[in-house]
Amino acid sequence: MTSSRSRCAALLSGVALVFSAVLIAAPDPATAQAQQSGLVAQVVVQGNERIETETILSYLPIQVGDTVDAAKLDLALKALTRTDLFSDVKIVLQGQTLLVQVVENPIINQVLFEGNSSIKEDKLKDEVQVRPRGIFTKARVQADVARIVELYRRAGRISATVTPKVVNLPQRRVDLIFEINEGPKSGILRIDFLGANQFSPNDLRGVIVTRESIWYKFFTSNDNYDPDRIEFDREQLRKYYRNHGFYDFRIVSSIAELSPDQNGFVVTFTLDEGAKYRFGKLSVTTDLKKLNPDILRALLPIRSGETYEDQKIEQATDALTFAAGAAGFAFVDIRPEFKPDPDKHTIDVTFEVKEGPRVYIDRIDIVGNTQTLDYVIRREMNLSEGDAYNRVLVDQSKNHVKALGFFKDVDITTQPGNAPDRTNLLVKVTEQPTGELSASAGYSTIDKVVVDLGVSETNFRGRGQDVRAQLSLGSLRQQISFDYSEPRFLGRNLRAGFGLYTYRYNFTQYASYDQRSTGANFTLGFPLNENVSMSTRYRIHYDSVIVPDYLCEPGALLVSPVLCDERGSYLTSAIGYSLRLDRRNDPIIPTRGFYADLSQDIAGFGGKVHYVRTEADGAWYHGFTKDIIFSVTASAGYVDGWGGDNVLIGDRFYKGGDNFLGFQIAGIGPRDTRFGDALGGKLFAIGEFQLTLPTHLPEQYGIKAALVSDVGTLGLLDRRDKFDPLTNLPLVNIRDDLALRASAGVSLFWKSPMGPLRFDIGYPFLKQPYDIRQTFRFSTSTRF
C-alpha cells in the first residue's frame, strides 16, 4: 500500500514538473506579438535546392540591419510568392534572426499532348505558355488548359476537354501531360434567315463566312460552330444591307441551337430589314477660306438619287481628305451628318470639313525588316520625323514601300507620341523572298521544248540593289546575261544600272536563220512627279545573222530569199527613253486604276543600223471583289528604218508564246509559207482581257485561276522583203496581211511548295492557215 502511494506521489510530482516547464517555456501573448517586430541581425534561407540564396535575398525587400514589423513581413512574403519560383513560402522572425523557409516549384522537363488528332502538336505548342525548362505553377497550367479548350472551340469542337497530368521526376522535375478528349466536331446543319424579304437565303449565305456542313466540301474550314465567327457574320450582314440602301437595318438576334441528336447546330439570324433609302441632298460645308465647297461637292463620288451605301460615304470622306491635303491642309476633320427622311426614304448628307488639330511626327519606327536595311525603307517615305502628319503622304509612302516588291505586307499605323500634338508612325513590314531561281518550259504543237534557267536578287545585301543573271540552255535560245541596278545612284533619287549579255537565237525551225548578239546597255531613271517616271538608256551590240550558204544557193533556195538577203554582221548603237504614268491603287496586286508606258529607241548614233522603234502599252483594272478582278491590257509598237535603211529581221517584232495565248513563239505574223519561216513584223497591236476568279479553295493552297482572251495583229514588211529584186514581182510565198488573230483560254496560278507555277491552255479561234498554234504552256520559278 505504502509502495503504491509512493509511486502515485512520484507520478504526480513528475507531471507537475513537466507542466511547470511548459508554462515557463511558452511566452505570453504580449511576448509572442513582440516577436513580429524587431531588428534583423541575420537572414537565414532554408529549403532552397536549385535557386541560390543570393537570388532569393535579391527578391527579399528586407536587409540586415532593418527594423521589421508585421506589415513588412507580409510584404516580403508576397514579394517572394509573386516570383512564381516557390510553391510555399514562410517567413518567421526568431529573435534577431529572419528565417525564410521556401519550397521550390518544380522545373518542367517536357510538355506532352495526348489524344489530339484534329489539331497538330506544333499548333498546340505555339498556343500554350508553359515551356520545357520553365517553372511549373498550377496557375499557368490552368491558363493553358483554357487556351487549348478555346482553340478547340474555335475549331468547332465545343465539347473538347483537357486534363493536365503531372509526372514527378527526380531533382524536383516534372513531365506535364495534357490529355485531350477532342469530342465530336460541331458542324452547321442549317443557316436560316428570318425576316429576309429583299434577298434570298442563298444570297445571304454567300455574304457570311460561316458555311453549312456538306459532305462533299472537303476543304472548307468554316462549317463548324464558332461564336466569334457568328459575331463577325453579324457585322458582314450589317455591311451588306447598309451597302444596298437599307439604312435602318438591324439584326434582332442570332441564335445557335444544338440539334436534339447533338450532331450539329442550327444557326438562325432574325433580321429587321427596314426600308430602302436613296441619297437625297448632298452638300459640303467648310470654314476654311482656301477650300471651295462647290469644288469639294463636285469631287464627291456620290450623286443624288443613287442607292445609299456606307462605303460611298467612306469613299467620299477619303476623297475630301485627299483634296484638302492636296490643297495644303494636312489637318482636316471631316464629319458626315445624316438626315434620314422616313417618308421619302431619302437621306440628306452634309459633309462638314473643319481644320483638325495640328499633329507632327515625333518618330518613325520600322519593324519586321529582318533582311532589308532600315534606310532602304525610310528613303521611300514621303514623310520625315518632325514633318506635319498628312494622311495622303502616309498612303503614298505605303504604296512606295509596297512597290519595292520586298515585302509581303506593309502596314503604317499611328502611335501616341510624347505630347498631345505628337504622333509616332509604326511601319510594319513582312519580308518575302526576293531572290529567285527560275525555270520555264513550254510545249508546242510541233513538240518544241524550251528550258530557261536564271537567278536574280532584287534586294541584294538588303540594300535594294537589283542583280540578275540568266543562263538559257534551250534549243531555241542560248543566253548568258548579267544586269545590275542601283536604286539610289549617288545618293539621289536616280536609278542607274548596266547590263552585259551574249545570246544566240536559233530560229532554224521557225525562220531558218541563226542570230547571235553580244552587247551592253546603260540606264538612268528618275521620277518626274508622284505618278510619272522617266528612264533613259544607251545600247550598243554586235549582231550576226547566220544562214548556211548551201541554203541560199542560186536556183536551189532552201530558205526564204528574205533571209538570204539579211546575212551578215551589224553594229548597232542606240539611245532611248521610256515614260510611265502609273495610277494604280496597288503596285503589286492592283484592283483599281491604270498605267501607261511609252518608249522609243533611235539607232544610228554610230554603227551601221538606222531605225526608230516606238512602243506603247498600258493596262486598266477593275476589282469587283478582292478575288474577282477584271483587267484590260493593250500594247502596240512600230519600227521603221531611216537614212535609206530597211528594218533588219532581228529588229522586228515577234509575237506568240507568253505574249499571245494559243500561239507558239513567233507563231503569228508574216511568214514565208514555202519554207515556213517567220519573218517578223514592223507593226503590232495586241489586247488582252483577263478575269481573275476565285477557286473557292482554302487560301493557304495558293491557287488562283483566270479567264484570258487575246486579240491582235502583227505584220507590215518593207517592200524589199515582199518583192523579187530581179523581176520586181511580188513574192507569192510571202504572207503579210495584218490579219486579226484572237484566242481564249484558261490560266492557272499555283504557289506550290517548289515555287510559283503557271499553266496556260489556249485555243485560237481566229487565225491564219500559216500560223502555228501552241495549246499548252507552263512556267515555274523558285524563290529564296
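Tabulated data
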quantity: Cβ pairs under 6 Å, 6+ apart, first in region 103-125 and within 16 Å of Gly156 (Cα to Cα), second at pLDDT below 85 and in a loop (DSSP other than H, G, I, E, B); calculated: Ser118/Glu182
quantity: Pairs with Cβ under 7 Å, 6+ apart, first in region 399-413 and under 21 Å from Gly702 (Cα atoms) and aromatic (Phe, Trp, Tyr), second modelled with pLDDT of 85 or more and crowded, with 17+ Cβ neighbours inside 10 Å; calculated: Phe406/Thr372; Phe406/Asn459; Phe407/Val401; Phe407/Val429
quantity: Filter result (outside any loop (DSSP other than H, G, I, E, B) and within 11 Å of Glu309 (Cβ to Cβ)) within region 237-260; calculated: Lys239, Tyr240, Tyr241, Arg242
quantity: Criterion: modelled with pLDDT of 90 or more, under 30 Å from the mean Cα position of the chain (by Cα), buried (at least 18 other Cβ atoms within 10 Å of the Cβ) and not small (Gly, Ala, Ser) - qualifying residue of Phe660, Phe653; calculated: Phe660
quantity: Where Val647 falls short, out of the listed (1) crowded, with 16+ Cβ neighbours inside 10 Å; (2) assigned to a strand (DSSP E or B); (3) touching a Phe, Trp or Tyr at 6+ places or on another chain (Cβ under 8 Å); (4) not polar (S, T, N, Q); calculated: (2)
quantity: Criterion violated by Gly667 - all others in (1) part of a loop (DSSP other than H, G, I, E, B); (2) in contact with a Pro (Cβ under 7 Å, 6 or more places away or on another chain) satisfied; calculated: (2)
quantity: Residues satisfying the stated conditions in region 43-56, i.e. free of Cβ contacts under 8 Å to residues at least 60 places away in the same chain and open to solvent by 60 Å² or more (accessible area, probe 1.4 Å); calculated: Gln46, Glu52, Glu54
quantity: Test for Leu748: is it under 24 Å from Val632 (Cβ atoms) and open to solvent by 50 Å² or more (accessible area, probe 1.4 Å); calculated: yes
quantity: Output for region 269-301, where each listed residue is out of contact with any Pro (no Cβ under 8 Å at 6 or more places or on another chain), modelled with pLDDT of 90 or more and among the hydrophobic types (A, V, I, L, M, F, W, C); calculated: Phe269, Leu271, Phe279, Leu282
quantity: Unique residue being in contact with a Leu (Cβ under 8 Å, 6 or more places away or on another chain) and either open to solvent by 30 Å² or more (accessible area, probe 1.4 Å) or farther than 28 Å from Pro61 by Cβ (or both) when the list is Val89, Val111; calculated: Val111
quantity: Candidate set: region 225-277, residues that are within 17 Å of Arg157 (Cβ to Cβ), under 29 Å from the mean Cα position of the chain (by Cα) and of a type in the set (Asp, Glu); chosen: the one most open to solvent (accessible area, probe 1.4 Å); calculated: Asp228
quantity: Residues (more than 21 Å from Arg516 (Cβ to Cβ) and either part of a strand (DSSP E or B) or among the charged types (D, E, K, R) (or both)) located in region 480-497; calculated: Tyr484, Ser485, Glu486, Arg488, Arg492, Arg495, Ala496, Gly497
quantity: Any hit, region 270-290, residues being among the hydrophobic types (A, V, I, L, M, F, W, C) and in a loop (DSSP other than H, G, I, E, B); calculated: yes
quantity: Output for region 126-138, where each listed residue is touching a residue at least 40 places away in the same chain (Cβ under 8 Å), out of contact with any helix residue (DSSP H, G or I) (no Cβ under 8 Å at 6 or more places or on another chain) and either polar (S, T, N, Q) or not in a strand (DSSP E or B) (or both); calculated: Phe136, Thr137
quantity: Close pairs from region 327-354: first closer than 30 Å to Ala388 by Cβ, partner among the small types (Gly, Ala, Ser), Cβ under 7 Å, at least 6 apart; calculated: Ala330/Ala388; Phe331/Gly356; Val332/Ala324; Val332/Gly356; Asp333/Gly356; Thr350/Ser283; Phe351/Ala316; Val353/Ala324
quantity: Single match in Gly156, Gly183 (criterion: touching a Lys or Arg at 6+ places or on another chain (Cβ under 6 Å) and without any contact (Cβ under 8 Å) to a residue 60 or more places away in the chain); calculated: Gly183
quantity: Subset of region 148-163 that is surrounded by fewer than 18 Cβ atoms within 10 Å (Cβ to Cβ) and either among the small types (Gly, Ala, Ser) or within 28 Å of the chain's Cα centre (by Cα) (or both) - its residue that is nearest to Leu112 (Cα to Cα); calculated: Glu150
quantity: Check on Lys281, of a type in the set (D, E, K, R), over 30 Å from Gly187 (Cβ atoms) and touching a residue at least 40 places away in the same chain (Cβ under 8 Å); calculated: yes
quantity: Residues of region 171-195 satisfying the condition of being farther than 30 Å from Asn48 by Cβ and either of a type in the set (Asp, Glu) or in contact with a Pro (Cβ under 8 Å, 6 or more places away or on another chain) (or both); calculated: Glu179, Glu182, Ile191, Asp192, Phe193
quantity: Yes/no for Phe684 being under 21 Å from Val562 (Cβ atoms), over 35 Å from the mean Cα position of the chain (by Cα), assigned to a loop (DSSP other than H, G, I, E, B) and hydrophobic (A, V, I, L, M, F, W, C); calculated: no
quantity: Selection status of Thr321, among the polar types (S, T, N, Q) and more than 37 Å from the chain's Cα centre (by Cα); calculated: no
quantity: Residues of region 299-317 that turn out to be part of a helix (DSSP H, G or I) and either open to solvent by less than 70 Å² (accessible area, probe 1.4 Å) or touching a strand residue (DSSP E or B) at 6+ places or on another chain (Cβ under 9 Å) (or both), as a count; calculated: 6
quantity: Matching residues in region 634-686 - criterion: being out of contact with any Gly (no Cβ under 7 Å at 6 or more places or on another chain) and of a type in the set (Val, Ile, Thr); calculated: Val639, Thr673
quantity: Any hit, region 695-707, residues being under 19 Å from Val647 (Cα atoms), open to solvent by 20 Å² or more (accessible area, probe 1.4 Å) and either part of a loop (DSSP other than H, G, I, E, B) or not aromatic (Phe, Trp, Tyr) (or both); calculated: no
quantity: Number of the condition not met by Asp721 [criteria: (1) more than 16 Å from Gly681 (Cα to Cα); (2) at pLDDT below 85; (3) open to solvent by less than 40 Å² (accessible area, probe 1.4 Å); (4) not β-branched (Val, Ile, Thr)]; calculated: (1)
quantity: In region 139-166, residue farthest from Arg211 (Cα to Cα) [restricted to those that are among the charged types (D, E, K, R) and not in a helix (DSSP H, G or I)]; calculated: Lys165
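Residue-wise test of (1) open to solvent by 30 Å² or more (accessible area, probe 1.4 Å); (2) outside any strand (DSSP E or B); (3) within 30 Å of Ile734 (Cα to Cα).
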residue	(1), (2), (3)
Ile540	yes, no, no
Leu563	no, yes, yes
Pro590	no, yes, no
Asp597	yes, no, no
Gly604	no, no, yes
Trp620	yes, no, no
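The values are calculated or read from the model by the stated rules, or taken from the named source; none is laboratory data. All values reported here derive from a predicted model rather than from experimental measurement. Cβ: placed from backbone, ideal geometry, glycine included. Neighbour counts: every protein chain shown. Ligands, DNA and RNA are stripped out before the accessible areas are found, and what is left, the full protein with its side chains, is counted by its heavy atoms. Shrake-Rupley method; radii C 1.70, N 1.55, O 1.52, S 1.80 Å.
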